[in-house]
Amino acid sequence: MKRERERRPVRPFSPARVIAASFLGVILVGTVLLMLPVSSKNGEMLHPLTALFTATSATCVTGLVVHDTATYWSPFGHLVLLVLIQTGGMGVVTVAVAVVMCSGRRIGLRQRWVMQESISAPQVGGIVRMTSFILKAMLLIEGTGALLLSLRFCPQLGLLRGLWYGIFHSISAFCNAGFDLMGTSAPYSSLTGYVGDPLVWGPIALLILVGGLGFLTWHDLWEHRLRFRAYRLQSKLILVSTAALLLLSFLFFQCYEFRLPQWAELSGWERLNAAAFQAVTPRTAGFNSVDLTLLSEPGKLVTILLMLVGGSPGSTAGGFKVTTLAVLLLSARAVFFRRGSPSCFGRRFQDEALRSASAIFLMYLVFFLLGGTLICCIDGVPLLDALFESASAIGTVGLSICGTPGLSLPSHLILTFLMYVGRVGGLTMIYAVTSSFPVSSQYPQERVTVG
């Protein structure tokens, strides 16, 4: 019996499992801290499942909340949320490697391997330098954003409070978290008081976009500047796809949605501002400058699609990623025009890229539809509103139209699971729960007609 136990193969080291477990560990620590009486303004201990929901939302940089962030949490609670947001936005593995680097300890091969998976780097070589670049860029970008926002908030709120608001919203926007402190005027108001103020929504929108581009795209932009041809194929796909989605969504909101009667109270300038911001925020940010409950049915559907797509691989954003969408669309084009394999910018995709994109898309679609259907059945909310909430959770966005606080406990648990899956990542979740042993044998091939 003892020999049989000894012969059992030990599960090999898996970066995907480490990443999934590390996010879960941070969520549990955050849950304990948010349950402490010192974390809330009323000094009462929070219900464990409510604390779990909030800690998951912060660590998975989503922004869905049960209690208004500004009015419910104490300064200590705000600090805990900010640390969770920063850790989740950068990636738990990135933070851990940064701590090891600052302590002067040597980074081993296993740590480099996990880091490569965490930031979606193409190779292990140079991963420490890349981490250093990420940390410096993050501090520069968040610091600049905090300064720009503080210049607007300080005259309104005073020096210290204005600086705190600038820092909090800069980190929340860059990490695509969507948590805000604007609820002092009206609970859950987000940026609705600044719909026509580009000095507030402008820096936040830029922070959202930069955070959602991904670490490798930053590196290409920094290293090659405007020499687009020198960029990696992935960076080219990200930049072109992001620009196309922003333009199309802006045109939809400006030319259709905000011309509807329910938005008559907005001036022409405010509608233009709202359209620009609404084109950006579903890219998994979670801020809103207008009342989303007034969205038309087409407006809700377009927002759902944008939330599901999300940002870029190796970024602070969620969703099934713009590169996944690009690969699927280019593969469809190759089929329609009878081309041998999908390609763009003079390069072909690997077969593995198409298989991975198909698996990720299918997984997100199944979880999104299943989660929305269950919420609709449990709480009796309209199906489209329930799907909106489900897309917001798995896309780690944070927008809501059916009122997250009013949902039942089972729905909160469903959203908690969807937020976790959305932040860890589709491919990482697939690798974390499947066998790590590669399968080299293949069955005989036979033709199957599809379509």
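The values are calculated or read from the model by the stated rules, or taken from the named source; none is laboratory data. For clarity, every value in this text was computed on a predicted model and none was experimentally measured. Don't worry about glycine lacking a Cβ; one is built from the backbone with ideal geometry, like all the others, and counts go over all protein chains shown. What goes into the accessible areas is simple: the full protein's heavy atoms, side chains included, and nothing from ligands, DNA or RNA. Shrake-Rupley method; radii C 1.70, N 1.55, O 1.52, S 1.80 Å.
Would you mind stating whether Phe228 is of a type in the set (A, V, I, L, M, F, W, C) and open to solvent by less than 50 Å² (accessible area, probe 1.4 Å)? Considered against the rule, which asks whether it is of a type in the set (A, V, I, L, M, F, W, C) and open to solvent by less than 50 Å² (accessible area, probe 1.4 Å), Phe228 comes out as no. Contact annotation: residue pairs with Cβ atoms under 7 Å, 6 or more positions apart or on different chains, pairing a residue in the stretch 31-60 that is at positive phi with a partner that is open to solvent by 10 Å² or more (accessible area, probe 1.4 Å) and outside any loop (DSSP other than H, G, I, E, B), are Gly43/Pro37.
Please verify whether the stretch 232-252 includes one or more residues that are closer than 18 Å to Leu294 by Cβ and either out of contact with any Lys or Arg (no Cβ under 7 Å at 6 or more places or on another chain) or not aromatic (Phe, Trp, Tyr) (or both). Checked against the condition, which is being closer than 18 Å to Leu294 by Cβ and either out of contact with any Lys or Arg (no Cβ under 7 Å at 6 or more places or on another chain) or not aromatic (Phe, Trp, Tyr) (or both), the stretch 232-252 yields at least one hit. Please enumerate the residues belonging to the stretch 322-354 that are free of Cβ contacts under 8 Å to residues at least 60 places away in the same chain, part of a loop (DSSP other than H, G, I, E, B) and open to solvent by less than 100 Å² (accessible area, probe 1.4 Å). The answer is Gly340, Ser341, Pro342, Gly346, Phe349. Of the conditions (1) farther than 21 Å from Ile204 by Cα; (2) open to solvent by 40 Å² or more (accessible area, probe 1.4 Å); (3) more than 19 Å from the chain's Cα centre (by Cα), Lys236 clears all except one; give me its number. Status for Lys236: all satisfied but (2). Among the conditions (1) open to solvent by 50 Å² or more (accessible area, probe 1.4 Å); (2) assigned to a loop (DSSP other than H, G, I, E, B), the only one that Val381 does not satisfy is (1). Check the stretch 223-239 and report whether any residue there is touching a helix residue (DSSP H, G or I) at 6+ places or on another chain (Cβ under 7 Å), on the phi > 0 side of the Ramachandran plot and not aliphatic (A, V, I, L, M). Among the residues of the stretch 223-239, not one is touching a helix residue (DSSP H, G or I) at 6+ places or on another chain (Cβ under 7 Å), on the phi > 0 side of the Ramachandran plot and not aliphatic (A, V, I, L, M), which makes the answer no.
Which of the helices (runs of 4 or more DSSP H) found entirely inside the stretch 209-312 contain at least 3 residues meeting this: over 24 Å from Leu365 (Cα atoms) and not aliphatic (A, V, I, L, M)? Talk me through it step by step, then tell me what you get.
On the way: elements: 215-224, 233-255, 268-280, 297-309.
In the stretch 209-312, 215-224, 233-255, 268-280 are the helices (runs of 4 or more DSSP H) which contain 3 or more residues that are over 24 Å from Leu365 (Cα atoms) and not aliphatic (A, V, I, L, M).
Of the residues Phe388, Phe367, Phe417, which single one is open to solvent by 70 Å² or more (accessible area, probe 1.4 Å), at pLDDT 90 or above and outside any loop (DSSP other than H, G, I, E, B)?
Details: Phe388 fails: open to solvent by 70 Å² or more (accessible area, probe 1.4 Å); Phe367 fails: open to solvent by 70 Å² or more (accessible area, probe 1.4 Å).
Selected residue: Phe417, the only one of Phe388, Phe367, Phe417 that is open to solvent by 70 Å² or more (accessible area, probe 1.4 Å), at pLDDT 90 or above and outside any loop (DSSP other than H, G, I, E, B).
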